[in-house]
């Protein structure tokens, strides 16, 4: 098949999949159901999958906060996850928010401490010849 015809066929298939995905057309045939989104069905206990995911996310957040309250290393990790650049204004804001959420101030590095730790981390990786542009 010539390339121009292959390209037109691929574009037509892509348009059809897009229209099926947004409900513009209905997929027909014995395999049409495989191209359509599953309807939202509640779980046996009546919750939706979205509500279950939201509850799991809330529990994971509570677990992370509890770990950070108890362990300075976990507090450092949580702060680094939420504000990876210790030189930013966001770092100080997130640090204060974590303190307001009950994480002891002494469990969290100050901006100066975090910048020093980041520099040490970068130097350590650089001395081993590792790329540190994203760390």
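Measuring nothing but how far apart in sequence close Cα pairs (under 8 Å, 6+ apart) lie, relative to its length, the chain scores a relative contact order of 13 percent. With the highest mean first, a sort of the peptides 85-96, 46-57, 1-12 on other beta-carbon atoms found within 10 angstrom per residue produces 85-96, 46-57, 1-12.
The stretch between residue 53 and residue 27 holds 6.5 nm of extra length on full extension. This uses 0.36 nm per residue minus the Cα-Cα distance. Relative to the longest principal axis of the Cα atoms of the chain, the long axis of helix 3-21 makes an angle of roughly 70 degrees.
Sorting the Cα pairs of the chain by distance into bins of 10 Å, from 0 upward, gives 10, 22, 18, 14, 20, 14, 2 percent per bin. Once the gyration tensor of the Cα atoms in segment 71-135 is diagonalised, the equivalent ellipsoid follows with semi-axes of 24, 12, 9 Å, ordered largest first.
Computed from the coordinates by the stated procedures, all read-outs in this text should not be read as laboratory data. Since the structure is predicted, the reported quantities are computational estimates derived from the model, not experimental observations. Note that each Cβ is placed from the backbone with ideal geometry, even for glycine, and that neighbours are counted across all protein chains shown.
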